[in-house]
Amino acid sequence: MSGGRTMGLITAYETTKGRRYRVRYRKRDLTEAQKRGFTTMREAQLYLSTVTVSKSTGEYIDPASSRVPVRMFADSWLRSKQPPMSKPSYYKTLEQAWKNHVAPVWAEREIASIRRSEVQDWVSELATRKSRTVVIRSLGILAGMLDVAIDDRRLVNNPARRVRNLPRHGPGKRRVYLTHDQVATLAACSAYPTLVLTLAYCGLRWGEATGLRVRSVNRLRRRFVIEENAVMISYEIQVGTPKSHEKRSVPYPERLAPMVEQACAGKGPEGLLFGDGINHMRNSGEKGWFANAVRRAQAVDPSIPRVTPHDLRHTAASLAISSGANVKAVQRMLGHASAAMTLDTYADLFDDDLDAVAARLNDAMPLIALPAGPQTRYARPR
């Protein structure tokens with residue numbers, strides 16, 4: 001009945017449900033531990049062998065240390081994501097997802113009791129109610145907290161990692177692109193035409209544009225220096241770095257220069273370029289100035305679709321690509337992390353660009369008529 005004193009000890013005991021087996025062994029600190037309830041000697045021996053091997057490889061986890069709830073690791077994990085480690089807007093989404101989706105299910109669960117099948121069931125159920133983004137974010141939060149438990153040697157494996165079935169990408173929102181004439185109409189119908197034209201021709205994010213200061217304008221080179229991003233979090237404006245965390249320089253068209261000059265007039269270097277120079281402008285939804293401008297523009301030109309300020313960023317990409325800009329230039333203008341991201345985001349626009357490339361190649365292709373037939377082949381000139 002013994003597994004040997006160097007390994008541990010297995011003993012039998014009687015219960016109302018029959019014979020059961022108890023495993024006694026010493027932990028790494030030489031204190032005694034036990035686990036009982038095994039229904040067969042083989043189960044007890046396998047458990048003792050597992051403990052022995054894990055101790056010899058340094059992977060042994062004291063079962064008692066795993067009998068703690070997930071919430072024990074929440075504060076530590078969330079602190080590791082607080083600004084400046086993450087952007088304020090991103091941290092707020094994590095905090096809300098933990099409170100609304102993760103904590104109600106997992107906060108009080110002992111980490112050792114969580115099974116991957118349970119996590120999969122939770123993910124599948126959450127996907128019926130929430131977007132793919134929310135599901136992936138919530139799963140990442142649970143997985144991150146359990147990673148902390150692994151780092152603290154309280155857990156061997158993370159049941160929230162390698163979940164097989166995740167919600168697929170949907171078709172996504174159809175992007176809206178305005179023409180040059182539609183942009184001009186929208187600007188003319190707006191209380192802030194310079195801001196509308198800046199969004200439509202420079203591709204700035206809303207928070208980047210409203211975060212511009214007079215000192216951000218290089219008038220000689222006609223460039224905006226993007227180094228701040230003003231975002232609304234819980235009805236308050238928070239100023240941080242751009243989404244990519246990197247400062248970038250974005251050119252603006254020469255025809256926009258007089259309007260930018262007028263926006264700078266009477267303001268000091270720290271004055272905000274748009275608005276009253278002191279308070280960051282807000283996008284107030286359906287009742288705000290931008291939505292009103294769209295409605296007025298649609299009354300003038302019914303072909304103008306319903307658009308948001310962010311749609312003007314897509315418009316800027318469309319107008320730049322149609323003017324012949326290459327993917328690297330568009331990437332730098334938009335502040336994407338890589339050219340691959342730009343291609344993935346605007347693949348439909350670059351398809352049209354490829355057609356134009358084929359047309360230009362066709363025009364440059366040297367054709368020589370053959371005596372016996374039409375120009376079906378060409379020969380390289382000698």
In square nanometres, what is the average projected area of the Cα convex hull of segment 1-138?
11.9 nm²
Residues with amide H under 5 Å of ILE233's amide H, sequence separation 5 or more or different chain, H placed in the peptide plane at 1.01 Å from N; which?
GLN238
Where the centroid of each part is defined by its Cα atoms, how far is segment 143-215 from segment 68-87 in Å?
23 Å
If one puts a single equal scatterer on every Cα of segment 152-291 and applies the Debye formula without solvent, what log₁₀ I(q)/I(0) results at q = 0.09, 0.11, 0.13 Å⁻¹?
-0.38, -0.52, -0.66
What is the distance in Å between the Cα centres of segment 11-63 and segment 294-324?
69 Å
What residue among PRO309, PRO193, PRO269 has the largest mean-square fluctuation in a Gaussian network model of the chain, using Cα springs under 10 Å?
PRO269
Could you work out the percent of alpha carbon pairs in segment 162-218 separated by over 17 Å, rounded to a whole number?
56 percent
Could you line up LEU361, LEU204 from fewest to most neighbouring Cβ atoms inside 10 Å?
LEU361, LEU204
Helix by helix through the chain, keep the DSSP H runs that span 15 Å or more along the axis on Cα and average at least 1.0 on Kyte-Doolittle, and give those back in order.
132-151
Percentage relative contact order, segment 9-60, counting C-alpha pairs under 8 Å, at least six apart
27 percent
If every Lys and Arg gets +1 and every Asp and Glu gets -1 at its Cβ, then about the Cα centre segment 70-151 yields a dipole, in debye to the nearest 20, of 380 debye
Whole-angstrom Cα spans of segment 70-151 along principal axes, big to small:
35, 29, 17
Among TYR25, PHE38, THR50, whose Cα sits farthest toward the positive end of the charge dipole of segment 9-60 (+1 at Cβ of Lys/Arg, -1 at Cβ of Asp/Glu, about the Cα centre)?
PHE38
Taking neighbour counts of Cβ atoms within 10 Å as a proxy for exposure, in what order, fewest first, do MET333, MET41, MET145 appear?
MET41, MET333, MET145
Given Cα pairs under 8 Å that are at least 6 residues apart, what percent is the relative contact order of segment 70-151?
49 percent
Just how large is the dipole of segment 9-60 about the Cα centre, in debye to the nearest 20, putting +1 at every Lys and Arg Cβ and -1 at every Asp and Glu Cβ?
140 debye
The ratio Rg/Rh over the Cα atoms of segment 9-60, Rh being the Kirkwood inverse mean 1/r radius, stands at 1.03
Spherically averaged projected area in nm², based on the convex hull that wraps the Cα atoms of the chain:
34.8 nm²
Calculate one ³J(HN,Hα) per residue across segment 67-84 by plugging θ = phi - 60° into the Karplus curve 6.51 cos²θ - 1.76 cosθ + 1.60, and present them in order as whole Hz with x for glycine and proline.
8, 10, x, 4, 4, 4, 9, 5, 4, 5, 5, 5, 4, 5, 9, 5, x, x
Using only alpha carbon pairs under 8 Å that are at least six residues apart, calculate the relative contact order of the chain and give it in whole percent.
12 percent
Would you kindly work out the equivalent ellipsoid of segment 224-330 from its C-alpha gyration tensor and give its semi-axes, the square roots of five times the eigenvalues, largest first in whole Å?
23, 21, 17
Counting only DSSP loop positions in segment 202-245, the trypsin sites (Lys or Arg not before Pro) whose Cβ has at most 13 other Cβ atoms within 10 Å are ARG219, ARG221
So what is the calculated 222 nm ellipticity per residue for the chain, using -39500 (n - 2.57) for each DSSP H run with n of 4 or more, over all residues, to the nearest 500 deg cm²/dmol?
-12500 deg cm²/dmol
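Laboratory data are not the source of any read-out in this text; all were calculated from the coordinates shown. Treat the numbers as computed from the prediction; the structure is a model and nothing was measured. A quick note on method: Cβ atoms are made from the backbone with ideal geometry, for glycine too, and the neighbour counts reach across all protein chains shown.
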